[in-house]
Amino acid sequence: MEATVPLAGWRGRSASGHQDGGPGGRLLPDGSLAPSLQSNPPSLDLAEDLASLLSLNECSALHTLRQRLRAQLPYTYAGPSLLALGGGAQRCQPGGEGEGGPKGVRIPWGACDGRQAPTPTPGMVVEEPMEKIQAMFTVLGAFGSVTTSHSSSSTRFSMVLSLDFSATGRITAAHLQTMLLERGRVARQPLGESNFNVFPLMLAGLDAAQRTTLHLHQVAESNLFGIKPFSKPEEKQRASAAFAQLQAAMGTLGITAEEQAAAWRVLAGIYHLGAAGACKVGRKQFMKFEWANRAADVLGCELEELTTAVFKHHLKQIIAQATARGGRLPPEEDSPSGPKMTGMECVEGMAAGLYEELFAALVSLINRSFSSQHLSMGSIAVVDTPGFHNPRHHGGERAATFEELCHNYVHERLQALFYEKTFVSEMERYKEENVEVSFDLPEHSPLATLSIIDLNSSQVTSPPGSCPIPGGPGDISTLWGLLWILDEEVLVPGSGDSAAFDRLCSYFAPKEWPGGDEMCEQELHFEIPHQLGTDPVRYDLAGWVGKAKLNLSAENASQLLQQSRLAVQELVLPRRRAPRGCRAVAGLEGCSQAALQRSACIRKTFASSLAAVRKRSVCAQLKLQADALTSLLRRSQLHFIHCLVPGAAADGGDPLALDMPSLRAQLGGTQLLDALRLRRTGYADRMLLTQFRRRFQVLAPAVMKKHTSAYEVPDESKVRPGLGAWG
C-alpha cells in the first residue's frame, strides 16, 4: 500500500543569515533573481519539477517557486516529493490551516502490505465514499480542532486515513486511526486559544428539550475549563448552523440519534465538571456539589460513584483489583503508584479522560460506517499531524507548551524518516550493489534535535579511546533526553521542574553537546534548535513534571462510562476490548484484512518496544505512539509532501508576496535540494528484474513464451482498456 506523509511548513530565521542564494544567483529584495546571475533560462520559470532546473541552487529554486505561485500554481515536484506553498494548500484542504502550516496538503505515507495501489482514473471514486469522507472531516473538525489567533480549525491530533481499492480502482473500504490527541486541552488552554470547537457549537445548537435533559438551560457563572457559549448574536447563529451541519454529517456516517445523544451527554458531563470545580485546600472534593450532581446525572451514575472515580481512585482501584483476585492484594506492578494529585488535577484528569474516550468512540463509529467485506487489492494511506508549532510565527510572546513539544517531536520524527529514506537507505543500497556514487551525506540531520527530546543511554556511545570514570564528567551512560528526564523526576519524592531543568542543562548545554538546547533569560525557559537549527523554539518547563504524572482519574474515565446506566455505556463498548497499553490509539478495530494488518503493526510496536515495560508512563506513551506511527509508515511506499508557508501579506499589499527569509529557512530545513542533488548524482529510476519483465514482455511475446517459467500471463481483471495492465 502507498502512504502519503505531510511535512508541514514552518517559519524561522535562516541559519546562514546572508541574502545570496549560494552558487548561481543573488536574491533581490522582491525575491527575484538578479538578471546577470540568473542561470536558468526563462522557459524554466514555471518548471513543474525542480529537478529539471539546469542550475540547481537555493536561489533558482526560490525563483521558480515564486513564479509558480504568482501563476496560481502552488504545487511543485521536487523529484519524487511534492512541495506545496500555503496559499494553494489552504484553498484545497477541508479542515482549515493549522499552526505548523497547511493541514490539507499532507505528506503521503504508503500504508501497507507491499502491493501496489491502483492508479487513480476519472470516475474511480463512487459518490457515497466521498460523501462519507467529507462527513468524517466535518466530525473530526468539530471534535479534534480548536480556534487560535490565526485559524478557526487548528488540528490537535494525528491521524492515518487508509483507503482500500478494488482491482477496478474503486474504493471498497476506508479505515481511520488516530493518536496523540491533545486531551489535556479540555482542561487547560494556552492564552488566546480555545477549547475544542465542539463545545460552543453544542451550547448554541441544542434545542430547548435537549438543554433541559442535559441541564444546560442554565449557564454557569464560571467554568474551570473555559467552556462558555458565544455572546454575540451573529456568532451564535453561525455556531447553530455549524452544529446542524455536524449532526447531518454524523447522520451520513450512520451514527444514530441515540448515539449522538450519548455523545452530547459526555460533553455536557465535562461542562458540568468544569462548573463544579474542586476545593484548593483541605479535603479533595467538588467545590459546587450542585453542578457535580448534574454531571453525575447526565453521565448515568450516582454522585458518590463520580466522586470516587474522580478523587478516590487509589481506593477504587485497590478494591476492584482485590475483588478480581479473590481477595488477594494486587501485585506491586499493578498497584496505583506515583505522586499524589491535587483536587484540581483530579477533576482535570477526569475531564481529559472522558473526552479521550468520547473521541475514540467516534473514531470507532466512523470505522463502522467505512467497513466493508469486499476484497481489496491495494491501499493508499494519508498521514496528517498537527504540524510544527512555534508561537513566534504569529507574533506571540509566550513560550511553547508541553503539548506543542509533543507535536514538534512527532514532526521531527517524520523529518528523520524522510532523511533516512532519502539519504541513508539510498546510499546503503548503492554500497550493497557496488555502485560508486560521489555524494556525501548532509552535515546536519534531525537526529541531533531528536536526541535532546528522547535520547536514552543505550543510544549513546563514548568516543573512541575514551575511558570515562563512572559518574564522572565524561560518563555518558546516564545521559537521557527530556522525555526520560521528566519520566524519572515524576518518581522522585520532592522533585520538581527545577530539578528536571538542571538535568537538561547539564546534559545538553551547547558547550558539551553541539547543537544542544540554549538557555533563555526567563526562569525555566530554554530553546531547542528545531528544523536543523533554522527555527528554534522557546519552551517553558514550568508545570511539565506535573503533566508527566500518571493521572489515575483520567484512567478511571473509561470504567465510569462503561458502568453508566444510560446509552453512554453502548457508545464506549467497542473500546472495552482494546489492550490497556494501546488505549491512547483509537481505531484499532476493523474486519478487513488490510485493517487488521495495520492494527497488528501498531499492537506489535506497543508490545515489543523497550518503553512498553512502563506503559503507564505519560512520556513513554508519547514515544510509543510516535514509534507506532513510524513503524506503520516503514511498511509502505512513502511519498512526501513538504508544506511551506509563504508568509502573510501586509494590509493592502500583494497577497502573493513571499517572505523570502522565512521561505529560505523553510526550504533549507526540508533538505530537498540535497535530495535532488543525490537524485541527479545517483540513479533516480530503478526497476526490479521481475517488474521489468512483467512490464516489457508484451514487446516480445514469442520469445518470452519460449521461457515458460519467465512468462507471466496478464491478469485480465487488472487490465484497463487502452492502458494495459497495472500492478
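The values are calculated or read from the model by the stated rules, or taken from the named source; none is laboratory data. Being a predicted model, the structure only gives us computed values, none of them experimental. Reconstructed Cβ throughout: ideal geometry from the backbone, glycine too, with neighbour counts over all protein chains shown. Keep in mind that these areas ignore ligands, DNA and RNA; they rest on the heavy atoms of the full protein, side chains included. Shrake-Rupley method; radii C 1.70, N 1.55, O 1.52, S 1.80 Å.
In table form, for the structure just shown:
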{"quantity": "Identity of the residue in the range 401-447, among the hydrophobic types (A, V, I, L, M, F, W, C) and closer than 19 Å to Met179 by Cβ, that ends up surrounded by the most Cβ atoms within 10 Å (Cβ to Cβ)", "calculated": "Leu414"}
{"quantity": "Failed condition for Ala567, given (1) farther than 30 Å from Leu163 by Cα; (2) crowded, with 17+ Cβ neighbours inside 10 Å", "calculated": "(2)"}
{"quantity": "Unmet requirement for Ile171, which otherwise passes all of (1) open to solvent by 10 Å² or more (accessible area, probe 1.4 Å); (2) under 25 Å from Pro200 (Cβ atoms)", "calculated": "(2)"}
{"quantity": "Output for the range 362-399, where each listed residue is closer than 30 Å to Glu258 by Cα and either among the hydrophobic types (A, V, I, L, M, F, W, C) or in contact with a strand residue (DSSP E or B) (Cβ under 8 Å, 6 or more places away or on another chain) (or both)", "calculated": "Leu362, Val363, Ser364, Leu365, Ile366, Asn367, Phe370, Ser371, Ser372, His374"}
{"quantity": "Flag for Leu663 being open to solvent by less than 80 Å² (accessible area, probe 1.4 Å), modelled with pLDDT of 60 or more, farther than 30 Å from Gly395 by Cβ and out of contact with any His (no Cβ under 7 Å at 6 or more places or on another chain)", "calculated": "no"}
{"quantity": "Residues of the range 550-572 classified as touching a Ser or Thr at 6+ places or on another chain (Cβ under 9 Å), within 21 Å of Gly269 (Cα to Cα) and not in a helix (DSSP H, G or I), total", "calculated": "1"}
{"quantity": "Residue pairs meeting the criteria (Cβ under 6 Å; at least 6 apart or on separate chains; first without any contact (Cβ under 8 Å) to a residue 40 or more places away in the chain, in the range 209-220; second open to solvent by 70 Å² or more (accessible area, probe 1.4 Å))", "calculated": "Arg211/His217"}
{"quantity": "Qualifying residues in the range 478-494 (those that are open to solvent by 70 Å² or more (accessible area, probe 1.4 Å) and in contact (Cβ under 8 Å) with a residue 60 or more places away in the chain) - the one nearest to Val618 (Cα to Cα)", "calculated": "Leu491"}
{"quantity": "Enumeration of residues in the range 285-294 that are surrounded by 22 or more Cβ atoms within 10 Å (Cβ to Cβ) and under 17 Å from Glu345 (Cα atoms)", "calculated": "Phe286, Ala292"}
{"quantity": "Hits in the range 341-366 - residues which are among the hydrophobic types (A, V, I, L, M, F, W, C) and in contact with an Asp or Glu (Cβ under 7 Å, 6 or more places away or on another chain)", "calculated": "Leu365"}
{"quantity": "Among (1) open to solvent by less than 20 Å² (accessible area, probe 1.4 Å); (2) outside any loop (DSSP other than H, G, I, E, B); (3) not β-branched (Val, Ile, Thr), the one test that Leu216 misses", "calculated": "(2)"}
{"quantity": "Hey, Gln189 outside any helix (DSSP H, G or I) and under 26 Å from Leu140 (Cβ atoms) or not", "calculated": "yes"}
{"quantity": "Breaking point among (1) touching a Gly at 6+ places or on another chain (Cβ under 6 Å); (2) within 30 Å of Leu596 (Cβ to Cβ), for Phe388", "calculated": "(2)"}
{"quantity": "Hits in the range 340-392 - residues which are open to solvent by less than 30 Å² (accessible area, probe 1.4 Å) and of a type in the set (S, T, N, Q)", "calculated": "Ser364, Asn367, Ser369, Ser372, Ser376, Ser379, Thr385, Asn390"}
{"quantity": "Odd one out for Lys705 among (1) at pLDDT below 80; (2) surrounded by fewer than 16 Cβ atoms within 10 Å (Cβ to Cβ); (3) touching a strand residue (DSSP E or B) at 6+ places or on another chain (Cβ under 9 Å)", "calculated": "(3)"}
{"quantity": "Residue ID - nearest to Leu375 (Cα to Cα), chosen from residues in the range 592-615 that are at pLDDT 75 or above and open to solvent by 30 Å² or more (accessible area, probe 1.4 Å)", "calculated": "Gln593"}
{"quantity": "Failed item, numbered, when Gly668 is tested on (1) touching a strand residue (DSSP E or B) at 6+ places or on another chain (Cβ under 7 Å); (2) at pLDDT 80 or above", "calculated": "(1)"}
{"quantity": "Failed item, numbered, when Thr172 is tested on (1) at pLDDT 90 or above; (2) in a strand (DSSP E or B)", "calculated": "(1)"}
{"quantity": "Sole residue being modelled with pLDDT of 90 or more and either more than 23 Å from Leu532 (Cα to Cα) or surrounded by fewer than 24 Cβ atoms within 10 Å (Cβ to Cβ) (or both), chosen from Leu656, Leu632", "calculated": "Leu632"}
{"quantity": "Residue check, Arg575 in the same structural domain as Thr172 (by the TED database), in a helix (DSSP H, G or I) and either open to solvent by 20 Å² or more (accessible area, probe 1.4 Å) or in contact with a helix residue (DSSP H, G or I) (Cβ under 7 Å, 6 or more places away or on another chain) (or both)", "calculated": "yes"}
{"quantity": "Any hit, the range 582-591, residues being farther than 30 Å from Lys340 by Cβ, surrounded by fewer than 23 Cβ atoms within 10 Å (Cβ to Cβ) and free of Cβ contacts under 8 Å to residues at least 12 places away in the same chain", "calculated": "no"}
{"quantity": "Matching residues, the range 57-78, being crowded, with 19+ Cβ neighbours inside 10 Å and either touching a Phe, Trp or Tyr at 6+ places or on another chain (Cβ under 9 Å) or not polar (S, T, N, Q) (or both)", "calculated": "Glu58, Cys59, Ala61, Leu62, His63, Leu65, Arg66, Arg68, Leu69, Pro74, Ala78"}
{"quantity": "Qualifying residue in the range 395-409 (condition: more than 18 Å from the chain's Cα centre (by Cα) and assigned to a helix (DSSP H, G or I))", "calculated": "no"}
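Conditions tested, residue by residue: (1) among the small types (Gly, Ala, Ser); (2) outside the structural domain of Val139 (by the TED database); (3) surrounded by 15 or more Cβ atoms within 10 Å (Cβ to Cβ); (4) within 33 Å of the chain's Cα centre (by Cα).
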{"site": "Pro233", "(1), (2), (3), (4)": "no, no, no, no"}
{"site": "Phe243", "(1), (2), (3), (4)": "no, no, yes, yes"}
{"site": "Leu246", "(1), (2), (3), (4)": "no, no, yes, yes"}
{"site": "Thr256", "(1), (2), (3), (4)": "no, no, no, yes"}
{"site": "Ala276", "(1), (2), (3), (4)": "yes, no, yes, yes"}
{"site": "Arg283", "(1), (2), (3), (4)": "no, no, no, no"}
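Okay, residues lined up against (1) of a type outside the set (Lys, Arg); (2) part of a loop (DSSP other than H, G, I, E, B); (3) in contact with a Pro (Cβ under 6 Å, 6 or more places away or on another chain):
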{"residue": "Gly254", "(1), (2), (3)": "yes, yes, no"}
{"residue": "Arg265", "(1), (2), (3)": "no, no, no"}
{"residue": "Arg283", "(1), (2), (3)": "no, yes, no"}
{"residue": "Trp291", "(1), (2), (3)": "yes, no, no"}
{"residue": "Asp297", "(1), (2), (3)": "yes, no, no"}
